[in-house]
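*Asks:* Sharing a structure below in structure tokens format, with a few things to ask.
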């Protein structure tokens, strides 16, 4: 299955891109996507357990993904 | 109740009008502005970026929670994104309620949840021409340089 990881702000800067498509086995979780991102050049700057949202809702690391999911890796927020 | 992520100037007077109701005895208006310094550095402006679809949804959720928790539908919030200069308004929260104490509490709830949950980021620009993303979780180093 294919999922899309979205990157923002400082995370997008260090990885030099705003989205990445991953092909993952069925049963893959949020944690698997984070691991794949952290394995990319610059990815080690991301914390091992960043905030993540799946399809616009915050999600835990053990959430099982479906094909087509949008997995956003959220840097520390700074609204206001 | 109304929430919006906007890319233009926030009209705070309009937000106050929206939160007004004859049965309300108080309207609390919180306005967040761009200040000219942070952690000892001089700031000239801030670029606000957001995860648009999620930010709109999360801001609406925060205000729905506040409406239920504090029993008022008179909550209006706008958060601006894009480039802002010093002194400009980045966020406005207007809360109307029968009682001032509850209006203050509801306003505080909304801003604190925004600080915790709203997927918005800011990149400060400094007088020396550099820019940095703000990380509120970073440990501030305060003290004399050595």
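*Asks:* Considering only residues that are more than 15 Å from the chain's Cα centre (by Cα) and not in a loop (DSSP other than H, G, I, E, B), look in segment B:67-82 and name the one that is farthest from residue B:18 (Cα to Cα).
*Replies:* It comes out as B:69.
*Asks:* Another question, then. Residue check, residue B:109 against (1) surrounded by fewer than 18 Cβ atoms within 10 Å (Cβ to Cβ); (2) in a helix (DSSP H, G or I), all met but one. Which one?
*Replies:* Exception for residue B:109: condition (1).
*Asks:* Can we say residue A:76 is assigned to a loop (DSSP other than H, G, I, E, B) and closer than 30 Å to residue B:84 by Cα?
*Replies:* It is true that residue A:76 is assigned to a loop (DSSP other than H, G, I, E, B) and closer than 30 Å to residue B:84 by Cα.
*Asks:* Further question on the same structure: Here is a list: B:93, B:46, B:62. Which entry is in a helix (DSSP H, G or I), touching a residue at least 12 places away in the same chain (Cβ under 8 Å), buried (at least 16 other Cβ atoms within 10 Å of the Cβ) and within 14 Å of chain A (Cβ to nearest Cβ)?
*Replies:* Residue meeting the stated conditions: B:62.
*Asks:* Can I ask one more? Residue pairs, Cβ under 8 Å, 6 or more apart or interchain, first in segment A:13-30 and within 14 Å of chain B (Cβ to nearest Cβ), second assigned to a helix (DSSP H, G or I) and surrounded by 12 or more Cβ atoms within 10 Å (Cβ to Cβ). List them.
*Replies:* Partner pairs satisfying both residue conditions: A:14/A:43; A:15/A:37; A:15/A:43; A:18/A:12.
*Asks:* Let me ask another. Testing residue A:2 on (1) more than 14 Å from every other protein chain (Cβ to nearest Cβ); (2) touching a residue at least 60 places away in the same chain (Cβ under 8 Å); (3) crowded, with 16+ Cβ neighbours inside 10 Å, one condition comes back false. Which one is that?
*Replies:* Against the list (1) more than 14 Å from every other protein chain (Cβ to nearest Cβ); (2) touching a residue at least 60 places away in the same chain (Cβ under 8 Å); (3) crowded, with 16+ Cβ neighbours inside 10 Å, residue A:2 comes up short only on (3).
*Asks:* Next up: Select from segment B:118-133 the residues that are facing another protein chain (nearest Cβ under 7 Å) and not in a strand (DSSP E or B) and list them in ascending order.
*Replies:* Matches in segment B:118-133: B:118, B:119.
*Asks:* Give segment A:38-58 a look and list any residue that's more than 14 Å from residue B:137 (Cα to Cα), more than 9 Å from every other protein chain (Cβ to nearest Cβ) and either in contact (Cβ under 8 Å) with a residue 60 or more places away in the chain or buried (at least 19 other Cβ atoms within 10 Å of the Cβ) (or both), or say none.
*Replies:* A:52, A:54
FYI, it's all coordinate maths here, none of it is from the lab. As the structure is a prediction and not an experimental result, all values here were calculated from the model. Ideal geometry is used to build each Cβ from the backbone, glycine not excepted, and the neighbour counts take in all protein chains shown.
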